[in-house]
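Readers should treat all values here as calculations from the given coordinates under stated rules, not as data from a laboratory. Given the structure is predicted, the values throughout are model-derived calculations rather than measurements. Note that each Cβ is placed from the backbone with ideal geometry, even for glycine, and that neighbours are counted across all protein chains shown.
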């Protein structure tokens, strides 16, 4: 069994080496055909290579974007919860100290809640 695995691994390594050789030959041929003979500014091989890299980078960016979005959602949720607790504590302290409530305080909390709700709706709509 182990011998068969080693033989298979050797076959794959040989195939990979052959494919890399073919790739190098194609690259040289395209370079010769498009850059030297035709003096073309665009080499199709380079375009294909760049597209492949861009596709890989796009996948990475999508993954990173998802992580950032989740982190933002967690931050907003935690901030909203903390603001609500702080608001309730402040109202309790104001009541105990017989201090008149500030109407802007409730407005600020409502505004943050509205903004976070809008942001979450935008995120849901984009997916």
Given a Förster distance of 30 angstrom, what is the FRET efficiency for residue 4 paired with residue 56, based on the Cβ-Cβ distance and rounded to 0.05?
0.35
Among 18, 74, 29, which one moves the most in a GNM of the chain with springs linking Cα atoms closer than 10 Å?
18
For the chain, what is the Kirkwood estimate of the hydrodynamic radius, computed as the reciprocal of the mean inverse distance between distinct Cα atoms, to one decimal in Å?
21.4 Å
So the angle from the long Cα axis of helix 103-126 to the longest Cα principal axis of the chain, reported in degrees to the nearest 10, equals 20 degrees
For helix 2-30, report the angle its Cα long axis makes with the longest principal axis of the Cα atoms of the chain; keep it between 0 and 90° and round to the nearest 10°.
80 degrees
As I understand it, the value is the acute angle between the Cα axis of helix 44-96 and the longest principal axis of the Cα atoms of the chain; what does it come to in degrees, rounded to 10?
10 degrees
